[in-house]
1. What helices (runs of 4 or more DSSP H), lying completely within region 63-178, carry at least 2 residues that are within 22 Å of residue 247 (Cα to Cα)?
2. Looking only at residues that are assigned to a strand (DSSP E or B) and closer than 24 Å to residue 381 by Cβ in region 221-235, which one is farthest from the chain's Cα centre (by Cα)?
3. Taking residue 238, is it within 25 Å of the chain's Cα centre (by Cα), surrounded by fewer than 24 Cβ atoms within 10 Å (Cβ to Cβ), in contact (Cβ under 8 Å) with a residue 12 or more places away in the chain and within 11 Å of the ligand (Cβ to nearest atom)?
4. Does region 202-210 include one or more residues that are under 27 Å from residue 463 (Cβ atoms), out of contact with any Phe, Trp or Tyr (no Cβ under 7 Å at 6 or more places or on another chain) and at pLDDT 95 or above?
5. Do the conditions hold for residue 336, that is, is it modelled with pLDDT of 95 or more, among the polar types (S, T, N, Q), surrounded by fewer than 16 Cβ atoms within 10 Å (Cβ to Cβ) and not in a loop (DSSP other than H, G, I, E, B)?
6. Has region 398-406 got at least one residue that is in contact with a helix residue (DSSP H, G or I) (Cβ under 8 Å, 6 or more places away or on another chain), within 16 Å of the ligand (Cβ to nearest atom), more than 20 Å from residue 278 (Cβ to Cβ) and in the same structural domain as residue 329 (by TED's automatic domain parsing)?
7. Based on what the data block shows, is residue 175 modelled with pLDDT of 95 or more, closer than 19 Å to residue 15 by Cα and surrounded by fewer than 24 Cβ atoms within 10 Å (Cβ to Cβ)?
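The values are calculated or read from the model by the stated rules, or taken from the named source; none is laboratory data. All of these numbers come straight from a predicted model, not from anything done at the bench. Here the Cβ positions follow ideal geometry from the backbone for every residue, glycine too, while neighbour counts run over all protein chains shown.
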Amino acid sequence: MLKSFQQYIDGTFEDATTTFDSVNPATGAVWAKMPAASAADVDRAVQAAHRALSEPAWAALTASARGKLLYRLADLVAENAQQLAELETADTGKIIRETRSQIGYVAEYYRYYAGVADKIQGAYLPVDKPDMEVFLRREPVGVVAGIVPWNSQLFLSAVKLGPALAAGCTIVLKASEDGPAPLLAFARLVHQAGFPAGVVNILTGFGADCGQALTTHPLVSRIAFTGGPETARHIVRNSAENLAATSLELGGKSPVLVFDDADLESVSNAVIAGIFAASGQSCVAGSRLLVQRGMRERLLQRLIEKARAIRIGDPQDVATEMGPLATRRQRDHIESVLKASLAAGAVLLTGGERAAGLGEGYYFQPTIVDCPDAQVPSVAQELFGPVLSVMTFDTEAQAVALANDTRYGLASGVFTRDLTRAHRLTRALRAGIVWVNTYRAVSPIVPFGGYGLSGLGREGGLDAVLEYTRTKSIWIRTSDEPIADPFVMR
Ligand code: NDP
């Protein structure tokens, strides 16, 4: 019996006119029916969000009351973590260890923005006119269109919903057509938390109709997008219709720089975490390993041993370390880039094949390739899979040049015990995140976002909430004298 999910529009759970099949990537079999939102569904959701913006049930709430709703939501996410994690694992193939731990973070992000809600402040401006008082009010920017990709949908929507709701916005969130189950289940928690009808709407459907209708809608004032650069270009073109302010969290080709003085055990675990956690389907995947010559053989040997020992299998089993890729399309993409990379001179050190004996699931072995130059496709392109491309350097200057030789700039890692070098590199690397002697650490308190093709804007941290507000300048004339010459600007 297939499970079925409903979309959430204007405080009501409903079926869509059409549905599509969702496939369990661990088995390759259809396991659930998902609602495919039409352009008309999107329009109803945006209209509801627009109406809710000015209705007293939401508009008249104090900022502290909005914060309390977010605290309640955080508690509900934490209480339902196991169920949400199992759904996310079933629909995306991400291992249960990862989905459980990530949902713990999701609750923390909602808690953080719950606390921020009543700290969003305006200003009093010491204007250069003696008979004027000027204030700045910070107001919610309006209806937000949130769009998330298939990996980490709960997490990537928390970094949008949290600040948007803290700021008093309303939102229509589009889940990806791949793996939307956890977000549709999360909608029930939003409802239970007591958000007024229309404040949060959650639907899913295909990019071309649902995503297009949402991002071009005239009542949308802000688009918060996470996904790939190609879709981002569509979104930016779409926003020419409504001139919505747009933030883009895109992909990466993040370098991990390892110097001869680094701690071998620590580095090898961090590199493994950076590329093989979530089967490499992470925007911050450390997919380019840049290693100094003196460390190269020791580190590669260790990485090959560790990669071969990774337990691949059923993502619902707590002992599993690497699950399947989320879609067949994703596995085909990885295979084709890998083939082109080997043809371009890359040498396979381990992996490179579908994992055997695991039925029809989309499993792929942890793979390491040694690459002679940056023209090798696996060095240049984001694969979004478990493929580590290795390059070797001699000097710090070469390492920086290789690291920055990319149009992406999301994350980077530096492994060295030399403090002065670490500081130099944090300045020289062109990326939104530099992790030193660690990798893949996140926190609601710290902004997250990229340079170049990795995107625009930042999510997480205090400033992110301001991106969901706009200022209103209020001028109050305090003089009782009649206004003088009407033909000059005052
Ligand atoms: P896509 O860009 O293909 O899709 C992202 C979202 O956009 C999906 O919901 C998709 O819907 C939707 N979409 C597709 N076409 C349109 C359109 N014309 N208008 C509006 N929306 C549309 O990305 P993937 O799903 O393949 O995700 C992987 C990408 O996401 C990688 O590049 C990865 O690096 C990036 N990413 C970035 C992160 C960051 O924070 N920087 C974090 C995680 C991932 P549908 O699924 O229905 O096609």
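1. On the way: elements: 63-79, 81-92, 96-116, 153-166.
Result: 96-116, 153-166.
2. 225
3. Details: within 25 Å of the chain's Cα centre (by Cα): yes; surrounded by fewer than 24 Cβ atoms within 10 Å (Cβ to Cβ): yes; in contact (Cβ under 8 Å) with a residue 12 or more places away in the chain: yes; within 11 Å of the ligand (Cβ to nearest atom): yes.
Spelling it out, residue 238 is indeed within 25 Å of the chain's Cα centre (by Cα), surrounded by fewer than 24 Cβ atoms within 10 Å (Cβ to Cβ), in contact (Cβ under 8 Å) with a residue 12 or more places away in the chain and within 11 Å of the ligand (Cβ to nearest atom).
4. The first filter runs over region 202-210 and keeps only residues under 27 Å from residue 463 (Cβ atoms), leaving 202.
Filter once more, so that each one left must be out of contact with any Phe, Trp or Tyr (no Cβ under 7 Å at 6 or more places or on another chain): none.
No, region 202-210 contains no residue that is under 27 Å from residue 463 (Cβ atoms), out of contact with any Phe, Trp or Tyr (no Cβ under 7 Å at 6 or more places or on another chain) and at pLDDT 95 or above.
5. Numbers: modelled with pLDDT of 95 or more: yes; among the polar types (S, T, N, Q): yes; surrounded by fewer than 16 Cβ atoms within 10 Å (Cβ to Cβ): yes; not in a loop (DSSP other than H, G, I, E, B): yes.
Criteria met by residue 336.
6. Scanning region 398-406, I find at least one residue that is in contact with a helix residue (DSSP H, G or I) (Cβ under 8 Å, 6 or more places away or on another chain), within 16 Å of the ligand (Cβ to nearest atom), more than 20 Å from residue 278 (Cβ to Cβ) and in the same structural domain as residue 329 (by TED's automatic domain parsing), so the answer is yes.
7. no
Every residue, every condition in (1) of a type in the set (D, E, K, R); (2) outside the structural domain of residue 363 (by TED's automatic domain parsing); (3) in contact with a helix residue (DSSP H, G or I) (Cβ under 6 Å, 6 or more places away or on another chain), yes or no:
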| site | (1), (2), (3) |
| --- | --- |
| 25 | no, yes, no |
| 33 | yes, yes, no |
| 43 | yes, yes, no |
| 48 | no, yes, no |
| 54 | no, yes, no |
| 84 | no, yes, yes |
| 105 | no, yes, no |
| 123 | no, yes, no |
